Amino acid sequence: MLRKAILPLALLALTACNSTGGVANPFVKEKPFVATPVPADFAVIVDENHDTYYARQHIRQTVSAADAMSQTIYTTRRDYNDSISNQFSQETPLSPVQLQNMWNDVARYNLMQGSSLWINWLSDADLYKRNSYSLQIRANGQTRTYTATNGFSGNLRPLMLEIDAVRLP
C-alpha cells in the first residue's frame, strides 16, 4: 500500500511547488495580482562584490523612487596594496513604469515580509570566482536585507533582473 501511495504523493509535491520557490496548493485557484502605488520612500540598494584571483570589483547601485534615479558606483581595487585602481559612477533616470515594475515584484513575491528562497550551494567552481550580493529593500518605513553568493534565485530573481536592466546601455 505504501508503494502505491509514494508516486501520487511525489507528483502532488512537485505540482505544489511554484516557479519562484514557494509552495502553493495545486487545488486552489491562484488569485490575480493587484498592483498598488509605489511608496514615496521605496528604495533598493544592491551591493555586489566580484572577487577573482586577479581583480576585485565592487558595484553599489541605489534605486530610489523619491528622485526616480538609479546611481551606480563601480570600484575596482588592486590586490597588491589594496588601493583603488578605477572608480566611476553612472546615473540613470527611471521611468514610472520601471519603478512600478520593481515595486510590483516586491509586493507580488512578498519580499518585505520575508520571502522563501531557493539556496545556491557553494561548489569548487565558485572558489575561482566568488560573487557576493547584498540586497536591501526599503519601503513604508521598513527595511529588509537579503544576502546571496553567486547569484540570486527564487523570488528575488525577477526584482534583480529589473534592477540589472537599468545598468544596460
Quick one: how many residues across the range 52-77 are under 23 Å from Leu161 (Cβ atoms) and among the charged types (D, E, K, R)? 2
Can you tell me which residue is surrounded by the fewest Cβ atoms within 10 Å (Cβ to Cβ) among those in the range 131-169 that are assigned to a strand (DSSP E or B) and among the basic types (Lys, Arg)? Arg144
Just give me the residues in the range 78-102 being in a strand (DSSP E or B) and under 30 Å from Phe42 (Cβ atoms), in sequence order. Gln87, Phe88, Ser89, Gln90, Glu91, Thr92, Pro93
Please determine whether any residue of the range 65-81 is free of Cβ contacts under 8 Å to residues at least 60 places away in the same chain, touching a strand residue (DSSP E or B) at 6+ places or on another chain (Cβ under 7 Å) and under 18 Å from Pro158 (Cβ atoms). yes
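No value in this document is a laboratory result; all are computed from the given coordinates. Fair warning: this is a prediction, and the values are worked out from it, not measured in the lab. With ideal geometry, Cβ positions are generated from the backbone for all residues, glycine too; neighbour counts draw on all protein chains shown.
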